[in-house]
Amino acid sequence: MVVRSLSITKGILRFEGPDKFAYWRRFAMLLTLSVVIATMGMLRNSGAVVIAAMLVAPLMTPILGVAAAMVMGWLQRAAVLALTVCLAAVACVLMAWFMVYVADVPRGIVIPDQVLARTDPGTEDLIVALAAGVAGAYVQINKSELSLLPGAAIGVSLVPPLSASGVLLYFGEPAEAYEAGLLFATNLGAIILSACTVYLVYAARSVVFSKGKRKLNFTASVFVALAFLVVVVLQLGKSTYNRYLETRTEAQLVEAIREWADPVSVEIIRIDVNARRKKVDVWLIVDLPAEAAYKVSSVASQIPEQLRETPLVNVLQDELGPGYLAIVRYQSRIAAQVILGTDNVQQAPDVTDVTEEE
């Protein structure tokens, strides 16, 4: 049983088959197609197309090969495969950048949501990657469960973060491109460690209990992988904390703005807080009284007196503190409540009150 189990792990390790050149040629072709599909899908903001790129991507197999080589104690093989994966990742970023460059996409347009969705990694992404790595390794050992492989490929999302990184570099967003690369690094480290665990449990337990160079190599490789993942987790922890801080701050700003505006109706269109860059983006619509439509005066004089007494920037500074860059976009509109069939025109109710009644 042990011999058979070890042969399974060796089979996973030698995934190229007898003709290595043919395998790597096919690998390059599928990787290129995956980058093309992912990049075009993100530019078109199509989640379905991006999912298709995940299914085509061939990166999962060599990553599982790294885990198998670590379990078998073959450090040179593990290092070669790890270097191959890293070079393939760099090639994906460059290909995505080159495609957007050749397409001459205007840099002034809004970055698609499918690209930005890969720029906010957190600890939950690590958990997903660990689970996907377990699923991928389990399928490699139990060929009867091949139906699970597409789900593992979709869950782990290897090529889309790399394509997003290339697109963001083209748009001049290196910080966001780094975040997308961090998501790929998270998936890479988590898959390797979770796959090692599966191989040890199902196929190569004797390696851990053996003595000599093989066990030493296995221990050293796992230590390196753990150190890599610790660095990634520290970065993810920081990103997760920033996201929590931003969400909490945005909720506090909503309440502070409503208190500042009361009883004047102010609709909050958007509040975006970036804790890392210390930047806040606020979009508001201020309701002017109905009679303002018949007055010839400046917009400033039409704004209710309550809002002029305390500037909004003071409210933002009280909540955020000094040092933040605040971008405030607001516009005014005439708001009235009319009883149809009569001349009864009143001030419109607050937007939040209307929403709650609905």
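Filtering segment 48-65 to residues that are aliphatic (A, V, I, L, M) and open to solvent by 10 Å² or more (accessible area, probe 1.4 Å) leaves 48, 49, 51, 52, 54, 55, 56, 57, 60. Being open to solvent by less than 10 Å² (accessible area, probe 1.4 Å) and either modelled with pLDDT of 90 or more or outside any helix (DSSP H, G or I) (or both) is a property that does not hold for residue 195. Checking the structure you have, find out if any residue of segment 96-115 is part of a helix (DSSP H, G or I) and charged (D, E, K, R). Yes, segment 96-115 has at least one match. Out of the residues in segment 198-222 that are modelled with pLDDT of 75 or more and of a type in the set (Gly, Ala, Ser), state the one that is surrounded by the fewest Cβ atoms within 10 Å (Cβ to Cβ). For segment 198-222, the residue satisfying everything is 220. Close contacts from segment 317-331, counting a first residue that is without any contact (Cβ under 8 Å) to a residue 40 or more places away in the chain and open to solvent by 100 Å² or more (accessible area, probe 1.4 Å) and a second that is of a type in the set (A, V, I, L, M) and not in a loop (DSSP other than H, G, I, E, B), with Cβ to Cβ under 9 Å and a gap of 6+ residues or different chains, come to 317/326.
Yes/no per residue for (1) surrounded by 16 or more Cβ atoms within 10 Å (Cβ to Cβ); (2) farther than 13 Å from residue 173 by Cβ; (3) out of contact with any strand residue (DSSP E or B) (no Cβ under 8 Å at 6 or more places or on another chain):
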| site | (1), (2), (3) |
| --- | --- |
| 77 | yes, yes, yes |
| 89 | yes, yes, yes |
| 102 | no, yes, yes |
| 111 | yes, no, yes |
| 116 | yes, no, yes |
| 124 | no, yes, yes |
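Taken over segment 41-89, residues that are under 26 Å from residue 117 (Cα atoms) and without any contact (Cβ under 8 Å) to a residue 12 or more places away in the chain amount to 3.
Considering (1) at pLDDT 90 or above; (2) surrounded by 14 or more Cβ atoms within 10 Å (Cβ to Cβ), the lone condition that residue 70 does not fulfil carries the number (1).
Taken over segment 236-259, the criterion of being open to solvent by 40 Å² or more (accessible area, probe 1.4 Å) and more than 19 Å from residue 278 (Cβ to Cβ) is satisfied by 255, 258, 259. Pairs are defined by a Cβ separation below 7 Å, a sequence spacing of at least 6 or placement on different chains, a first member in segment 126-137 that is within 7 Å of residue 190 (Cα to Cα), and a second member that is hydrophobic (A, V, I, L, M, F, W, C) and open to solvent by 30 Å² or more (accessible area, probe 1.4 Å); the pairs so defined are 126/233. Among the residues of segment 266-276, just one is modelled with pLDDT under 85 and in contact with a Ser or Thr (Cβ under 8 Å, 6 or more places away or on another chain), namely 275.
The values are calculated or read from the model by the stated rules, or taken from the named source; none is laboratory data. In this text the structure is predicted, and so the values were computed from the model without any measurement. Virtual Cβ from ideal backbone geometry, glycine too; neighbours counted across all protein chains shown. Remember, those area values only see protein heavy atoms, side chains included, never the ligands or the DNA or RNA. Shrake-Rupley method; radii C 1.70, N 1.55, O 1.52, S 1.80 Å.
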